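Asker: Handing you a structure now.
The values are calculated or read from the model by the stated rules, or taken from the named source; none is laboratory data. None of these values were measured; they are calculated from a predicted model. All Cβ positions, even for glycine, are placed from backbone atoms using ideal geometry, and neighbour counts span all protein chains on display. Surface areas here come from the heavy atoms of the whole protein model, side chains and all, with no ligands, DNA or RNA. Shrake-Rupley method; radii C 1.70, N 1.55, O 1.52, S 1.80 Å.
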Amino acid sequence: MNVLEERILKDGMVKEGNVLKVDSFLNHQMDIKLFEEMGKEFKKRFAGKNINKILTIESSGIGIACVVAQQFDVPVVFAKKSRSINLEGEMYVAEVESFTHKCKNNVIVSKKFLTPEDHVLIIDDFLANGCALQGLIQIVQSAGATVEGIGIAIEKGFQTGGRMIRNLGYQLESLAIVDRMDASTGEIVFRQNESLASC
């Protein structure tokens with residue numbers, strides 16, 4: 001069992017509606033030492049890839065993406081969920097649906113930050129149905145850039161997103177894949193996976 005899986009078992013909570021609550025260490029309060037281990041693992045799994053940019057979506061993916069970007073020594077671009085007065089010029093736009101928030105958003109990336117020369121590693125905290133990833137892939141494709149890989153902290157293996165993204169031919173690496181979880185008992189069962197270094 002890897003360090004992320006151990007932390008999920010220790011501090012994660014299963015809620016009704018297939019919700020895995022990990023806000024004490026991943027996406028509200030963030031454990032940076034854990035993120036560092038995750039960043040090293042993503043660096044290992046995407047070794048040899050020509051990555052010059054990390055792309056994520058606001059807001060939960062940003063912390064992880066920044067730590068991964070340190071490993072690759074590249075900048076992070078994050079897709080914004082709302083247009084602000086600071087956004088100017090031409091934009092790439094894609095519609096994404098949030099599993100957690102049960103709503104659709106247009107996500108936006110400025111064209112000046114994503115170009116055909118970019119080789120992109122997409123990073124996010126969760127993968128459920130794959131809607132956010134499809135939106136990010138669409139933005140990369142609109143820019144004429146290349147998706148070199150996709151790194152996910154926690155994948156819900158019992159939902160369709162992972163299979164769909166892998167069937168599209170992308171290298172998708174999830175550090176913890178939950179095959180089954182039960183809100184009534186709190187049970188979480190992980191898929192056997194390449195290990196993120198054990199404690």
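Asker: Suppose every Lys and Arg Cβ carries +1 and every Asp and Glu Cβ carries -1, with no other charges. What dipole size does the chain come out with about its Cα centre, to the nearest 20 debye?
Answerer: Using only the charged Cβ atoms, the result is roughly 260 debye.
Asker: Could I ask something else about it? Taking Rh as the Kirkwood radius computed over C-alpha pairs, what is the Stokes-Einstein D of segment 1-83 at 20 °C in a medium of viscosity 1.002 mPa s, expressed in µm² per second?
Answerer: Once the numbers are plugged in, D ends up at 154 µm²/s.
Asker: Got a sec? What order do 113, 35, 190 fall in by accessible area at 1.4 Å, biggest, i.e. largest, first?
Answerer: Listed by decreasing accessible area, they come as 113, 190, 35.
Asker: Hey, another quick one. Hey, what angle do you get for helix 131-142 against the long axis of the chain, alpha-carbon based, 0 to 90 degrees rounded to 10?
Answerer: For 131-142 against the chain, the angle is about 30 degrees.
Asker: For the Cα atoms of the chain, what angle does the longest principal axis make with the long axis of helix 32-45, in degrees from 0 to 90, nearest 10?
Answerer: On a 0 to 90 degree scale, this one is about 70.
Asker: Also: Which entries in the list 80/111; 33/112; 10/104; 44/104; 104/156; 40/80 go over 23 Å, if you measure between the two C-alpha atoms of each?
Answerer: Going by Cα-Cα distance, 33/112; 10/104; 44/104; 40/80 fall outside the 23 Å limit.
Asker: Dipole of segment 1-93 (Lys/Arg Cβ +1, Asp/Glu Cβ -1, origin at the Cα centre): which of 46, 24, 61 lies farthest to the positive side?
Answerer: In segment 1-93, that residue is 46.
Asker: Another question, if that's okay. Counting only residues 5 or more places away or on other chains, whose amide H sits under 5 Å from the amide H of residue 127 once H atoms are built in the peptide plane?
Answerer: 154, 155, 156
Asker: Just the Cα atoms of segment 14-58, one point each, no solvent: what log10 I(q)/I(0) does Debye give at q = 0.22, 0.26, 0.32, 0.33 Å⁻¹?
Answerer: For segment 14-58, the Cα-only Debye profile gives -0.93, -1.01, -1.09, -1.10.
Asker: Provide, in order from the shortest bin, the percent of all Cα-Cα pairs of the chain in each 10 Å bin, continuing until the bin that contains the maximum pair distance.
Answerer: 9, 37, 38, 14, 2, 0
Asker: How much accessible area does residue 142 have with a 1.4 Å probe, in Å² rounded to the nearest 10?
Answerer: It works out to around 70 Å².
Asker: Accessible area of residue 125, 1.4 Å probe, to the nearest 10 Å²?
Answerer: Answer for residue 125: close to 10 Å² accessible.
Asker: Now, a different point. Quick one: angle between helix 60-72 and the longest Cα principal axis of the chain, in degrees between 0 and 90, rounded to 10, please.
Answerer: 80 degrees
Asker: Report the calculated FRET efficiency for residue 182 and residue 33 (r = Cβ-Cβ distance, R0 = 22 Å), to the nearest 0.05.
Answerer: The calculated FRET efficiency here is 0.15.
Asker: Of all DSSP beta bridges located in the chain, what percent are antiparallel, nearest 5?
Answerer: If I count the DSSP bridges inside the chain, around 40 percent turn out antiparallel.
Asker: Please give the solvent-accessible surface of residue 30 in Å², to the nearest 10, using a probe radius of 1.4 Å with every protein chain present.
Answerer: Rounded to the nearest 10, the figure is 90 Å².
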